[in-house]
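In what follows, a single structure is set out as structure tokens and then discussed.
The values are calculated or read from the model by the stated rules, or taken from the named source; none is laboratory data. Computed from a predicted model, the values in this text were never measured in an experiment. Positions of Cβ are generated from backbone atoms using ideal geometry, with glycine treated the same way; all protein chains shown enter the neighbour counts.
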Amino acid sequence: MPRSVSSVGRVLRALRKEAGLSVAALARAAKLDPATLTRIEAEDRTHVRFSSVCQVASALGVSMDEIASQVGLIKEEARGVV
């Protein structure tokens, strides 16, 4: 069963840690307030702006397809299919 959409924060936190970045460093690279990134990662927000996730993905050098796949929004085999 795919993970719920609410796991976006967990996925972003895992990707950040994998990249060896602090919250402050990633927030700076993504042009977000560190408190905003902390709340997203902690899933302390009921709504996360798509643009914020795009900024974080870009700063991490990962595609939105990768994030959507890890969250369970798309199947692995459907990634990159237009």
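Here are the numbers for this structure:
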{"read-out": "Pairs, first more than 18 Å from Lys17 (Cβ to Cβ) in segment 59-75, second modelled with pLDDT of 95 or more and surrounded by fewer than 18 Cβ atoms within 10 Å (Cβ to Cβ), C-beta under 8 Å, six or more apart", "value": "Met64/Cys54"}
{"read-out": "Subset of segment 24-47 [under 13 Å from Val8 (Cα atoms), of a type in the set (A, V, I, L, M, F, W, C) and over 10 Å from the mean Cα position of the chain (by Cα)]", "value": "Ala42"}
{"read-out": "Residue count, segment 52-77 (criterion: small (Gly, Ala, Ser) and closer than 17 Å to Ser7 by Cα)", "value": "6"}
{"read-out": "Within segment 55-81, considering residues that are over 12 Å from the mean Cα position of the chain (by Cα) and of a type in the set (D, E, K, R), the one modelled with the highest pLDDT", "value": "Lys75"}
{"read-out": "Hits in segment 18-33 - residues which are exposed (fewer than 14 other Cβ atoms within 10 Å of the Cβ) and part of a helix (DSSP H, G or I)", "value": "Glu18, Ala24"}
